[in-house]
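The values are calculated or read from the model by the stated rules, or taken from the named source; none is laboratory data. All values reported here derive from a predicted model rather than from experimental measurement. FYI the Cβ positions are ideal-geometry reconstructions off the backbone, even for glycines, and counts take in every protein chain you see. With ligands, DNA and RNA removed, areas are computed over all heavy atoms of the protein, side chains included. Shrake-Rupley method; radii C 1.70, N 1.55, O 1.52, S 1.80 Å.
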Amino acid sequence: MRSLFKHRLFNIASIFCFGYALVSLLMIFSVDTTVLGINAFIKPMKFGFSAGILFLTFSWYFTFIPRRLYSSFNRFAWVNVGVMAFELSWILVQAVRGTLSHFNMNTPFEGIMFGIMGVSIAISTAWTLLLLRWTWFYDFRINQGLLWALRFSILYFVIFGFTGFIMGAQGAHTVGEADGGAGIPILNWSLQHGDLRISHFLGLHAMQILPFLAWLLKLRPLGSFILSAGYGALCFYLLTLALNGVSPL
């Protein structure tokens, strides 16, 4: 782990996130509370694993940056860990209560918490553009094919991270029907209508998928560019389908 993931705070935070996810997984089998027709602890489990993977990705990114950027990166790390700690805590609290954490305006307090969550996520997501800027203006100790995949993946992370505000604006992630209909196991993406979570998920996890594929396939810059552009086109296509209320499944 030390050779690949070198940022101490992100490493520690990832361990906590995976622990949070495992506890949520255990709760799925021991508690029958449901929200929108599924076990209430599926959501915290998914968010915990996703956050843990993201933090390990940032820790991996840290291995390539010049030492002069360490202070800026550490500030970025503290903001991200703080934001995610708040979000995961609220998601778990609401799961225990058996109610929604997102799009919940049932009480003034829940509305305020949802608003704070949205603003904090917007700040941390936008701040990730700083990492993209560094890949252009500083000497990264990384091969060029992997570097191009990293550039695209950060861009997609930000763009499709902000599609969360489309969901927030309509107060739901399903288009064409109310949330809570039939969906695929675990991910619960709609089988019958448009679902904004699909492109949102693939865009956010481009930061793992694209660099991994570039490394696995030993891509040169042109190959990495073509792969990344195609991946982005797929994400935009899925977003278009969702906005039109069409399920790709």
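Any idea which residue in the range 17-36 is farthest from the chain's Cα centre (by Cα), counting only those that are open to solvent by 70 Å² or more (accessible area, probe 1.4 Å) and in contact (Cβ under 8 Å) with a residue 60 or more places away in the chain?
To start, the set of residues in the range 17-36 that are open to solvent by 70 Å² or more (accessible area, probe 1.4 Å) comprises 22-23, 26, 29-30, 32, 34, 36.
Imposing the further condition that a residue be in contact (Cβ under 8 Å) with a residue 60 or more places away in the chain reduces the set to 34, 36.
Values: Thr34: 23, Leu36: 21 Å.
Going through the qualifying residues, I end up with Thr34.
The conditions are (1) within 17 Å of Leu155 (Cα to Cα); (2) in contact (Cβ under 8 Å) with a residue 40 or more places away in the chain; (3) open to solvent by 30 Å² or more (accessible area, probe 1.4 Å), and Ala206 fails exactly one of them. Which is it?
It is condition (3) that Ala206 fails.
Could you check how many residues of the range 184-196 are of a type in the set (A, V, I, L, M, F, W, C) and either under 15 Å from the mean Cα position of the chain (by Cα) or open to solvent by 50 Å² or more (accessible area, probe 1.4 Å) (or both)? Spell out how you get there, then give the answer.
Step one: of the range 184-196, the residues of a type in the set (A, V, I, L, M, F, W, C) are 184, 186-187, 189, 191, 196.
Subsequent filtering for residues that are either under 15 Å from the mean Cα position of the chain (by Cα) or open to solvent by 50 Å² or more (accessible area, probe 1.4 Å) (or both) retains 186-187, 191, 196.
Of the residues in that region, 4 qualify.
Consider the range 210-249. How many of its residues are loosely packed, with under 13 Cβ neighbours inside 10 Å, under 22 Å from the mean Cα position of the chain (by Cα) and farther than 29 Å from Pro185 by Cβ?
Matching residues across the range 210-249 total 1.
Can you name every residue in the range 81-111 that is polar (S, T, N, Q) and either out of contact with any Phe, Trp or Tyr (no Cβ under 8 Å at 6 or more places or on another chain) or touching a residue at least 60 places away in the same chain (Cβ under 8 Å) (or both)?
Those that are polar (S, T, N, Q) and either out of contact with any Phe, Trp or Tyr (no Cβ under 8 Å at 6 or more places or on another chain) or touching a residue at least 60 places away in the same chain (Cβ under 8 Å) (or both): Ser89, Gln94, Thr99, Asn106, Thr107.
Give Phe212, Phe140, Phe165 a once-over and let me know the one that is within 26 Å of Ser59 (Cβ to Cβ), out of contact with any Asp or Glu (no Cβ under 8 Å at 6 or more places or on another chain) and either assigned to a loop (DSSP other than H, G, I, E, B) or touching a residue at least 12 places away in the same chain (Cβ under 8 Å) (or both). Even if it seems obvious, please write down each step before you answer.
Details: Phe212 fails: either assigned to a loop (DSSP other than H, G, I, E, B) or touching a residue at least 12 places away in the same chain (Cβ under 8 Å) (or both); Phe165 fails: within 26 Å of Ser59 (Cβ to Cβ).
Residue meeting the stated conditions: Phe140.
Scan the range 80-93 and tell me whether some residue there is modelled with pLDDT under 95 and open to solvent by less than 60 Å² (accessible area, probe 1.4 Å).
Initial filter on the range 80-93 (modelled with pLDDT under 95): none.
No, every residue in the range 80-93 fails to be modelled with pLDDT under 95 and open to solvent by less than 60 Å² (accessible area, probe 1.4 Å).
Tell me which of these Ser199 doesn't satisfy, since it passes every other one: (1) out of contact with any strand residue (DSSP E or B) (no Cβ under 7 Å at 6 or more places or on another chain); (2) in contact (Cβ under 8 Å) with a residue 40 or more places away in the chain; (3) open to solvent by 30 Å² or more (accessible area, probe 1.4 Å); (4) of a type outside the set (Phe, Trp, Tyr).
Unmet condition: (3).
Please determine whether any residue of the range 55-68 is farther than 16 Å from Ser120 by Cβ and of a type in the set (Lys, Arg).
yes
Hey, can you tell me all the residues within the range 37-70 that are open to solvent by less than 60 Å² (accessible area, probe 1.4 Å), of a type outside the set (S, T, N, Q) and outside any helix (DSSP H, G or I)?
Once the filter is applied, which keeps residues that are open to solvent by less than 60 Å² (accessible area, probe 1.4 Å), of a type outside the set (S, T, N, Q) and outside any helix (DSSP H, G or I), the range 37-70 yields Ile38, Ala40, Phe41, Phe64, Ile65, Pro66.
Only one of Gly145, Gly171, Gly181, Gly164 is open to solvent by 20 Å² or more (accessible area, probe 1.4 Å), farther than 15 Å from His102 by Cα and among the small types (Gly, Ala, Ser). Can you tell me which?
Values: Gly145 fails: open to solvent by 20 Å² or more (accessible area, probe 1.4 Å); Gly171 fails: farther than 15 Å from His102 by Cα; Gly164 fails: farther than 15 Å from His102 by Cα.
Sole residue among the options that is open to solvent by 20 Å² or more (accessible area, probe 1.4 Å), farther than 15 Å from His102 by Cα and among the small types (Gly, Ala, Ser): Gly181.
Can you list residue pairs whose Cβ atoms sit under 6 Å apart, with the first residue in the range 112-124 being touching a residue at least 40 places away in the same chain (Cβ under 8 Å) and open to solvent by less than 30 Å² (accessible area, probe 1.4 Å) and the second being hydrophobic (A, V, I, L, M, F, W, C) and assigned to a helix (DSSP H, G or I)? Count only pairs 6 or more apart in sequence or on different chains.
Going by the 6 Å Cβ cut-off, the qualifying pairs are Ser124/Val79; Ser124/Val83.
Within the group Ile159, Ile116, which residue is among the aliphatic types (A, V, I, L, M), more than 24 Å from Trp78 (Cβ to Cβ) and assigned to a helix (DSSP H, G or I)? Give the derivation first.
Details: Ile116 fails: more than 24 Å from Trp78 (Cβ to Cβ).
Every option except Ile159 fails the conditions.
Every residue in the range 65-80 that is among the small types (Gly, Ala, Ser) and in contact (Cβ under 8 Å) with a residue 40 or more places away in the chain, please. Before the answer, list the steps.
Initial filter on the range 65-80 (among the small types (Gly, Ala, Ser)): 71-72, 77.
Passing the criteria: Ser72, Ala77.
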